């Protein structure tokens, strides 16, 4: 597969960025009627701060200071300063989060753990559940990312055992600005972006148009054979009908053309002897990852008065993803020492389309009853998600491999044997969800608040499987109804301090992932009840230095009391018990006018309490769940327009899986940034990531492997440098 086929696309997008820039400037001049340079607004005048006051979700009825839960927000300033391009890079700023290798179940999408539990299906965009069928590879249209920790099906629906993630998109703003960004770096890094916003004077009330464009390519640092290409466009239009009524229409399109990477073979969490971290164990002429994402969102808001507000969100999204992947598992048996045969799927294809309709209506009211103040949100959510999957292969197998296998230290990377592309089957899945919910923050008096939440979900899922000749081979259905609850009590000893205690529940139905990655629903699981999860949290939050710096801490316990376990005959029982308890600490904001800090630490004590099918797991820590993790990002603004930035990340030793003692090594990672403001309009920034070129395992499959079929590990990026420039006007 040629990786240079998109050169015309990048040239076309660069032309579009230039045209959009010229059009924005022309629109501004036309509105002014004459050239008045002094009246041009310059973006970025506001004081920079990492501290976010409120969640962007309508379901949170109180500021973050008054919310009895650990919520970590990665703000736009941190994302920009780090040049963090993927959701995984953004979430690396949040302790207590780890990543699995090979992507989510079924080989598709981001695979994320929060507090030791999977959050693969718990990603939202602007408060609406999003498909798990894709990896979020770019942040060009992301304003900030919120991580809500702990079981919270009240807010996020099914799943959310360890927490959920809410991605906040860029929205039209009241001021005019245009920012053109460009970047060059090591590993063939090239990037071009445009972010432009223009108020539409004379069109309704506070109407505005915003446009984001992106073109990007790079090789993966330390994995030079792996390359990435993508481009995207995201327009949004806010129409103010009057001071009380607004409609925001948003669209998003992104196309990715990547070479998938499944890392290097490993046993017990360590790469095999003789293997280099740079070695590529796929087939470059067969493997591919072609993704097209589209989404259209309508956000209608109406203020009846100062105390009553209505919001209706509607979105249609679609992901088309055609991938061919070759696992880096190897077989070391039956071949000379130092050689291998491929094991696991080779040139295995998944051509899948997922589409989703979702509608959410929120009504927020502020009122008093019997001397108690209420901030009440009631809502309803309806969604339908469909998955159409075609699986295929290219006929690779042991009969076609050399008798002595391949050189483990020099894998071929190119398939020169016969190719027999064959369709193996089809799957058609559908998941319908209906939910009613209510949240209330009750001001008992000046010092005490009570937070309550309830949500009732109806799940209706269907999965049909077909042979290569499209003869139906199976049909499975599942129906679940669950009530989720949350309660929190907040004590306010001073104006700047809070102490809280909170409790919440969540659930994981078998059909949770049926339309996200095609898994979870079959003859053995269709009648299985959901897993149940419960959390307790005791925490405190304090603002210092005039509210510019927040310090927070919490102790928590998460328990999964009905974990699914598979028996030898393929059936399942709800017999497992798991527990994660620990401590969260955080510091966010300004230490001085020039010194910004974003830091957090998580201690996780994880354990399998009960396992009917594998008693050896009992007492073991959960897989890929480090006891200690720490993240720091800090910047200091020097005179004459200079800014220095430094980041550190620590992840302690952790179990590869829940049933063995094999460990992944701990690691420290260091990053640095230097920024220089050349003028009011031009900013330069140099980022050096992984300063000391540390070899560290970022993603892992939670099995140790055998000599007949190894496991695999995926390294984090090697050292790289990026020079970026932003021109604003």
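None of the figures in this text is laboratory data; all of them are computed from the coordinates on show. A quick note: this is a predicted structure, and the numbers were derived from the prediction, not measured. We place every Cβ from the backbone using ideal geometry, glycine too, and count neighbours over all the protein chains shown.
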In whole Å, how far is the Cα centre of the stretch 586-608 from that of the stretch 468-492? 33
Shape of the stretch 104-220 from its Cα gyration tensor (a ≥ b ≥ c, root eigenvalues): rounded if a/c is under 1.5, otherwise prolate when a/b > b/c, or oblate? oblate
So what is the calculated 222 nm ellipticity per residue for the chain, using -39500 (n - 2.57) for each DSSP H run with n of 4 or more, over all residues, to the nearest 500 deg cm²/dmol? -1500 deg cm²/dmol
In whole angstrom, note down how far apart the Cα centers of the stretch 120-185 and the stretch 231-309 are. 9
With a 10 Å Cβ neighbour count serving as the proxy for reagent exposure, in which order, fewest first, do 613, 704, 442 appear? 613, 442, 704
Relative contact order %, the chain, counting alpha carbon pairs below 8 Å whose residues are six or more apart: 13
So for 449, 683, 440, 407, fewest C-beta neighbours within 10 Å to most, what's the order? 407, 440, 683, 449
Euclidean distance of C-alpha centroids, the stretch 401-452 and the stretch 666-729, integer Å: 23
